[in-house]
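Chemist: My questions will all concern the structure given below.
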Amino acid sequence: MEEAPVLYRTDDDGATWAAVRLDRLYHVNAIGAIGPSVWVMGSIRERDTEGFFVSVDGGKTWRAMAVPEAMQDVNLLHRVSPSTAYVATSGREGRPALWRTTDGGSHWLPLQTPSEQHLLRLGESDSRVEQVATIGATLVVREHGRVFASAVDPIRWRLLPSFGAIASEQGGRHVFVLIDSLRPALLDKDLRLEWRSDHRLPLEIGSYIEEPVFHGDIGYVTEGPGSIHRIRNKTLRVLRPVPDGKARQNVEILITPKP
C-alpha cells in the first residue's frame, strides 16, 4: 500500500510487531542477521541507488550506509560474518551482478560471475546469481541454474556438475546441495560428497522447489505450494498441511529410513 511500512520487528517471539520506518524505504530486497547485527537492503523512493541500512541492536536503531551507484536491484544478501557479506543483483544494463564487503559494508568490491568468466552464456533476460553459499575460504554460487565454486581470492570459477541448489550456514562444516534432480546431499569443506540420500524429494505434481535453507546442520527445502522437506541426521521428513478434521494435527509427517 502507498506509504505503508514494509519492515517490522518483534522482541516478544512474534506476539506483537512494530513497524520500522526507514528513510523512504518502500520495498525490502534482502535482509540478513547475525545475532543483533541486522542488515536490510531495499528500494528507496526518489533515488537511483539501493538503500542499505544497518542495525547493531536487533533493529531498535538504524544507520543508513552508502553503496556503489552500480549496486542496484539486489536479489539476495549472504552474510558470512559480522564484517563479510556477499550481495547478488540482477546485473541489468551491464552492472556487476555479484559484490563482496569485508569491512561491515563500508566498501563493496564487484566480483566476476561464472558467466563473466565465460563459463556460461546468458541472454539479456536470463537470471544471474540466484543462490550463494560459503564454507571456509570457498565461495559457491548458482547462476542461472548452474552451480560453480571458487576460492575467495582469486575468483576462478569451476563447474560443479549435476548440482541444482545450494545452501550453507555461518561457520558450518557442510554445504547442503540438491543433486541429480532433487536428491539431498552434503559436501565437506573441500566440496567432496560426504553423504547423498537414496531418495529424491517426493514433490507433488505441479509443485516447485524454492530456495533451500541450511541451519544447525539441518537442510530445509520448501515446496511451493505446501510441503517442507527437512533433512536431519541423514533422514528425510516431509511436513505437509492436511485439511481440518482429517487428522488430530495439522501436518502429515512422511519419513524415509536412513540408508
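We did not get these values from a lab; they are worked out from the coordinates using the rules stated. If you're wondering where the values come from, they're calculated on a predicted model, not measured in any experiment. Neighbour counts run over all protein chains shown; Cβ positions are idealised from the backbone, glycine included.
Chemist: Please state the shape class of the range 1-66: rounded when a/c is under 1.5, otherwise prolate if a/b exceeds b/c and oblate if not, all from the C-alpha gyration tensor.
Modeler: Oblate shape, in that a/c is at least 1.5 and b/c is the bigger or equal ratio.
Chemist: For the range 106-181, just say rounded, prolate or oblate: build the C-alpha gyration tensor, square-root its eigenvalues into a ≥ b ≥ c, call rounded for a/c under 1.5, and beyond that prolate if a/b exceeds b/c, oblate if not.
Modeler: Oblate.
Chemist: Can you list which of the trypsin sites (Lys or Arg not before Pro) found in the range 32-72 are DSSP loop residues with at most 14 other C-beta atoms within 10 Å?
Modeler: Taking the range 32-72 and a limit of 14 other Cβ atoms within 10 Å, the loop trypsin sites (Lys or Arg not before Pro) found are ARG45, ARG47, LYS60.
Chemist: Also, I was wondering about something else. Using DSSP to define loop residues, name the chymotrypsin sites (Phe, Trp or Tyr not before Pro) in the range 1-51 whose beta-carbon has at most 16 other beta-carbon atoms within 10 Å.
Modeler: In loop regions of the range 1-51 (DSSP not H, G, I, E or B), the sparsely surrounded chymotrypsin sites (Phe, Trp or Tyr not before Pro) are TRP17.
Chemist: Using only Cα atoms, what Kirkwood radius does the range 7-200 have, in angstroms?
Modeler: Computed over the range 7-200, the radius equals 17.8 Å.
Chemist: Could you pull out the chymotrypsin sites (Phe, Trp or Tyr not before Pro) across the range 74-146 that fall in loop regions by DSSP (anything but H, G, I, E, B) with no more than 14 other Cβ atoms inside 10 Å? Mind dumping the intermediate values first?
Modeler: Working: sites: TYR86, TRP99, TRP108; in loops: TRP108.
The qualifying sites: there are none.
Chemist: Stokes-Einstein at 20 °C, 1.002 mPa s, Kirkwood radius from Cα pairs: D for the range 29-125 in µm² s⁻¹?
Modeler: Here the translational diffusion coefficient equals 153 µm²/s.
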